[in-house]
Amino acid sequence: MKANIQHKDSVFSLYLSDPKRLIDVYNAVQGTNYALDTPVEINTLENVLYKDRINDVSFVLDGKFVVLVEHQSTVCTNMPLRMLMYIGRLYEKMTVGENIYGSTPIPLPAPEFLVLYNGEESLPKEQIMSLSDAFEDTPHTNTLELSVKVINIKYGQNDAILEKSNTLKDYGFFIYTVQQYRKEGLPLADAIHQAVQDCKRQGIMQEFLEKHASEVENMLLHEWNLEEQLKFSEEEGIKKGIEREKFETARNLIGLGLDDGVIVKATKLTLEQVEAIRKEQ
């Protein structure tokens, strides 16, 4: 199967577009023993889980729909909801032409949802995220559930899982090498380039990197720039939220008749800011 290389592809999705690597990874994280020549049908969708890149691979293996996703930052708590939307699109796609309003059941492959975490933070080796965690309190029994298995594949944090798969081990080491060069102060582009060269010399992902080196560098640079922009936006959003809360607290304290000095101590705002808020009241 030839990989369909697009600008939106990620290194993860491109690397796992090889069915043998895909089966190798699946066997490791699910404890199965499928032969590497087992037929695989890759049917990854665009612009569902991510709008800016394809960082997932969905495929059918032995009658199962498997959605495999990589995270290089903190795992999104809305992933079960996003997976629900994803599997809905997949089922819709595979039942085109079927009579879904008829009385005859349409056979469907059972879904499995897997997230591989490969970020900087330390996370448990394995955890389950459930759609029902997002449900508001209700006295009724939940009739809809979706579970996502999150596996930490970060090099040095869950080596037991990496030892089960050469594909995961090599990929984990490659990402780890980039991260280490970043910690040493290398610019992102230089860190990626150096990691590619190091891994090729050490025979890690060698064939893949020899074939796709320039694409890998461009893809990973694009991916990580997006990750850093997202992280910056989230941090800025948190800061703005805290500032809004400080100003709202100051308004309430002014309404209670407290003097400016007390309000400054309570909110950590400057005296000038408190005086400006008082003038607005």
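The values are calculated or read from the model by the stated rules, or taken from the named source; none is laboratory data. This one's a predicted model, so the numbers in the text were calculated from it and none came from an experiment. Heads up, the Cβs are rebuilt from the backbone with ideal geometry, glycines too, and the neighbour counts pull from every protein chain shown.
Pairs, please: C-beta under 7 Å, at least 6 apart or cross-chain, first residue outside any loop (DSSP other than H, G, I, E, B) and in region 166-186, second basic (Lys, Arg)?
From residues that are outside any loop (DSSP other than H, G, I, E, B), the pairs are THR167/ARG21; GLY172/LYS154.
Can you tell which of ILE106, ILE100, ILE128 is under 15 Å from LEU68 (Cα atoms), hydrophobic (A, V, I, L, M, F, W, C), free of Cβ contacts under 8 Å to residues at least 24 places away in the same chain and surrounded by fewer than 15 Cβ atoms within 10 Å (Cβ to Cβ)? Spell out the reasoning first.
Numbers: ILE106 fails: under 15 Å from LEU68 (Cα atoms); ILE100 fails: under 15 Å from LEU68 (Cα atoms).
After applying the criteria, what remains is ILE128.
Does region 121-139 contain any residue that is more than 27 Å from VAL40 (Cα to Cα), touching an Asp or Glu at 6+ places or on another chain (Cβ under 8 Å) and not small (Gly, Ala, Ser)?
yes
Condition check ((1) within 17 Å of the chain's Cα centre (by Cα); (2) assigned to a strand (DSSP E or B); (3) at pLDDT below 90) across all residues:
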| position | (1), (2), (3) |
| --- | --- |
| PHE113 | yes, yes, no |
| ASP133 | no, no, yes |
| GLU136 | no, no, yes |
| PRO139 | no, no, yes |
| THR143 | no, no, yes |
| ILE151 | yes, yes, no |
| GLY156 | no, no, yes |
| ILE161 | no, no, no |
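Find the helices (runs of 4 or more DSSP H) located wholly in region 1-96 whose residues include 1 or more that are surrounded by fewer than 20 Cβ atoms within 10 Å (Cβ to Cβ) and at pLDDT 85 or above, and list them.
Here the list reads 19-30, 79-94.
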